[in-house]
Amino acid sequence: MPEFSRLVQVDVIDEDGTTIVLRAEDDECAALARRLDLQGLSKLRAKVNLRRTAAGHVRLNVDFSANVVQSCVVSLEAAKGVVSDRFSVLCEGEQKRGKGQDAEGEVFVDPFGDDPVEPLDDGRFDVGELVAQNLSLSLDPYPRAPGMDGQALIAEVGAELVSEPQGNGGDERENPFAALEQLRQDEQGKARELGDLGEQNKHDEGAP
């Protein structure tokens, strides 16, 4: 059974549509966090608007949000964040097996056609599982803990390079940033020398 399951019976959806609000319990959040490889998950909430289409299907427009704790890709420390997203899904309006399904009930999707239609299971569809799947797609693929931005990472790597001993003598390696600074200063010195030489040539040419 899915970690966050909320079954909706299609025959209770009238022509005017309906709106439902889903909230995950603490144990459901814990189970879903394990499934999504999260350090923590809380306050998972979804607002679902359901309405029937002219073709007889059911359109779900879903807004959801949750507090998540992921593992930083740099330090593996806790990276807290808030996920807030929306999605839309088309479901069957009644239990049937017809065009687009084989004898086993499997759905064939035309990549160049309209939105794929989610099949029903005993006249129901699981809105909670749809939310869980889309939550997974909305997670930050490269979460970073506070302080683990680009500049901090460069400084950390630079410090490791400076302090890392060489294999033969144990002396510390040259600081790569100090080497870059020295190169910059050398280039500036050359530019000043060329400028002074140009001024000297102008002075010599103007002398009687």
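The values are calculated or read from the model by the stated rules, or taken from the named source; none is laboratory data. Values in this document were obtained by computation on a predicted structure and should not be read as measured data. Neighbour counts are summed over all protein chains in view; Cβ atoms, including those assigned to glycine, are modelled from backbone coordinates with ideal geometry.
Out of region 116-143, which residues are without any contact (Cβ under 8 Å) to a residue 60 or more places away in the chain, acidic (Asp, Glu) and farther than 13 Å from His57 by Cα? Those that are without any contact (Cβ under 8 Å) to a residue 60 or more places away in the chain, acidic (Asp, Glu) and farther than 13 Å from His57 by Cα: Asp121, Asp122. Return yes or no: is Val74 in contact with a strand residue (DSSP E or B) (Cβ under 8 Å, 6 or more places away or on another chain) and in the same structural domain as Ser136 (by TED's automatic domain parsing)? No: the conditions fail for Val74. In region 3-57, the residue that is surrounded by the fewest Cβ atoms within 10 Å (Cβ to Cβ) out of those that are touching a helix residue (DSSP H, G or I) at 6+ places or on another chain (Cβ under 9 Å) and in a helix (DSSP H, G or I) is Arg35. A residue that is loosely packed, with under 13 Cβ neighbours inside 10 Å, over 16 Å from the mean Cα position of the chain (by Cα) and free of Cβ contacts under 8 Å to residues at least 60 places away in the same chain cannot be found anywhere in region 78-86.
Tallying residues that are modelled with pLDDT under 65 and under 17 Å from Gln9 (Cβ atoms) within region 79-124 yields 2. Residues in region 10-42 that are of a type outside the set (Asp, Glu) and under 19 Å from Pro143 (Cα atoms): Leu32, Ala33, Arg34, Arg35, Leu36, Leu38, Gln39, Gly40, Leu41, Ser42.
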